[in-house]
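The values are calculated or read from the model by the stated rules, or taken from the named source; none is laboratory data. On a predicted model such as this, the values are computed, not experimentally measured, just so you know. Here the Cβ positions follow ideal geometry from the backbone for every residue, glycine too, while neighbour counts run over all protein chains shown.
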Amino acid sequence: MHNQQRKFDHIRINLEEDVQFQNVSTGLEKYRFIHRALPDLNLEEVDTSITLLGKRLTAPLLISSMTGGTPEAGEINHRLAEAAQEAQIGLGLGSQRTAIEDPTLADTYRVRDVAPDVLLLANLGAVQLNYGYGPDECRQAVEMVEADGLILHLNPLQEALQPEGNTRFAGLLPKIEAVCRALPIPVIVKEVGGGISEWVARRLRDAGVAAIEVAGAGGSSWSRVEMHRARNERQRRVAAAFADWGIPTAESLLMALRGAPGLPIIASGGIRDGIQIAKSIALGAVACGVAGPFLRAAVESTAAVLEGISVLVEQLRIAMFAVGAGDIAALRQTPLVRAE
């Protein structure tokens with residue numbers, strides 16, 4: 001019940017409170033495309049599709065991991081999955097620890113019935129590998145939802161700010177490596193808003209992860225979320241100091257690319273429009289993850305999620321057209337200039 005309440009609190013706070021970074025941006029505004037007045041292609045011919053982890057997506061876009069474990073979260077996941085299926089983009093589920101501990105909650109994560117074809121990623125907190133979890137629990141999470149891959153999320157700051165946080169992060173890397181070796185599907189490691197540094201990316205690559213999602217600073221701040229969950233003034237003050245902590249998304253993306261060259265890097269953390277997606281791809285990302293806007297849309301309806309996806313993809317398509325990039329491979333070769 002305790003974990004269910006925490007999940008419910010996270011949804012409520014993200015919807016009701018301003019938990020965006022206040023003094024830190026994604027850093028993507030520091031880059032600009034060079035407009036091409038003669039793009040030498042037709043807008044209707046622009047192809048936004050990619051192949052990621054063996055699955056074809058109509059655009060380099062994933063609905064990033066958010067929630068599960070409560071009836072409200074189950075409805076949200078259902079709508080996100082319906083939209084991902086119709087739009088043919090990827091979907092990451094929220095942490096499934098609650099369903100490992102209480103199998104009656106597994107249905108709040110199961111979405112294959114409405115999303116049979118999408119790139120679907122299971123999710124567990126990497127730190128749980130220091131609290132008794134191992135490859136068997138990771139397999140259980142994957143099989144529970146019939147996933148194509150497993151996300152292990154890193155959230156040391158969030159755990160440190162939670163009254164009930166799990167903070168034993170020592171010796172975690174060999175255990176992540178053991179999971180990568182044991183599972184027959186890709187293992188992706190992501191942060192939750194603090195970003196991935198070059199040092200961490202290098203070690204994750206060496207451990208055998210299949211991809212990294214940087215989840216940098218600039219979008220939702222989990223320190224702010226935990227500040228709103230604080231049980232007393234002391235906890236609130238501690239969390240408030242970290243409200244703008246983290247590596248901005250653009251910087252984290254570049255760090256991860258340097259640390260793990262050749263490994264697919266997914267940009268996320270404050271991605272809010274298709275131009276930011278285009279910039280991230282031009283900087284070297286294989287795809288982008290978006291969470292907050294889709295959470296708010298999913299509370300409304302599947303149609304609202306689909307509309308949000310449609311707007312992002314159309315913005316991306318027009319950005320590609322305006323720089324003369326007919327497909328994602330061409331966009332990756334498109335130069336950016338530093339904004340003054």
Return the residues of segment 107-136 that are surrounded by fewer than 18 Cβ atoms within 10 Å (Cβ to Cβ) and either touching a residue at least 40 places away in the same chain (Cβ under 8 Å) or not aromatic (Phe, Trp, Tyr) (or both); say none if nothing qualifies.
Asp107, Arg112, Asp113, Pro116, Asp117, Asn130, Gly132, Gly134, Pro135, Asp136
Any residue in segment 157-179 that is at pLDDT 95 or above and within 30 Å of Asp113 (Cβ to Cβ)?
yes
Output the number of the condition that Gly165 fails; it satisfies all remaining conditions of (1) without any contact (Cβ under 8 Å) to a residue 24 or more places away in the chain; (2) within 24 Å of Glu137 (Cβ to Cβ); (3) out of contact with any helix residue (DSSP H, G or I) (no Cβ under 6 Å at 6 or more places or on another chain).
(3)
In segment 12-35, how many residues are assigned to a loop (DSSP other than H, G, I, E, B), buried (at least 19 other Cβ atoms within 10 Å of the Cβ) and at pLDDT 90 or above?
4
Of the residues Val286, Val299, which single one is under 28 Å from Val200 (Cα atoms) and of a type outside the set (D, E, K, R)?
Val286
Can you tell me how many residues in segment 271-296 are part of a helix (DSSP H, G or I) and either crowded, with 22+ Cβ neighbours inside 10 Å or touching a residue at least 24 places away in the same chain (Cβ under 8 Å) (or both)?
14
Glu159, sole failed condition from (1) under 25 Å from Ile281 (Cα atoms); (2) surrounded by 17 or more Cβ atoms within 10 Å (Cβ to Cβ)
(1)
Residue ID - nearest to Gln315 (Cα to Cα), chosen from residues in segment 227-270 that are among the β-branched types (Val, Ile, Thr) and either out of contact with any Ser or Thr (no Cβ under 8 Å at 6 or more places or on another chain) or surrounded by fewer than 16 Cβ atoms within 10 Å (Cβ to Cβ) (or both):
Ile266
Kindly establish whether Leu15 is in contact with a Leu (Cβ under 9 Å, 6 or more places away or on another chain), among the aliphatic types (A, V, I, L, M) and farther than 30 Å from Ala141 by Cα.
no
Could you list, in sequence order, the residues of segment 178-204 that are charged (D, E, K, R), within 19 Å of Leu121 (Cα to Cα) and either surrounded by 18 or more Cβ atoms within 10 Å (Cβ to Cβ) or touching a helix residue (DSSP H, G or I) at 6+ places or on another chain (Cβ under 7 Å) (or both)?
Lys190, Glu191
So is Phe21 aromatic (Phe, Trp, Tyr) and under 18 Å from the mean Cα position of the chain (by Cα) or not?
yes
Any chance segment 41-63 includes a residue that's in contact (Cβ under 8 Å) with a residue 24 or more places away in the chain and in a helix (DSSP H, G or I)?
yes
Is there any pair with a first residue in segment 85-99 that is outside any helix (DSSP H, G or I) and a second that is surrounded by fewer than 24 Cβ atoms within 10 Å (Cβ to Cβ) and of a type in the set (S, T, N, Q) whose Cβ atoms are under 6 Å apart and which are 6 or more apart or on different chains, and what are they?
Gln88/Thr58
Among the residues of segment 312-326, write down those that are of a type in the set (Gly, Ala, Ser), surrounded by fewer than 23 Cβ atoms within 10 Å (Cβ to Cβ) and not in a helix (DSSP H, G or I).
Gly324, Gly326
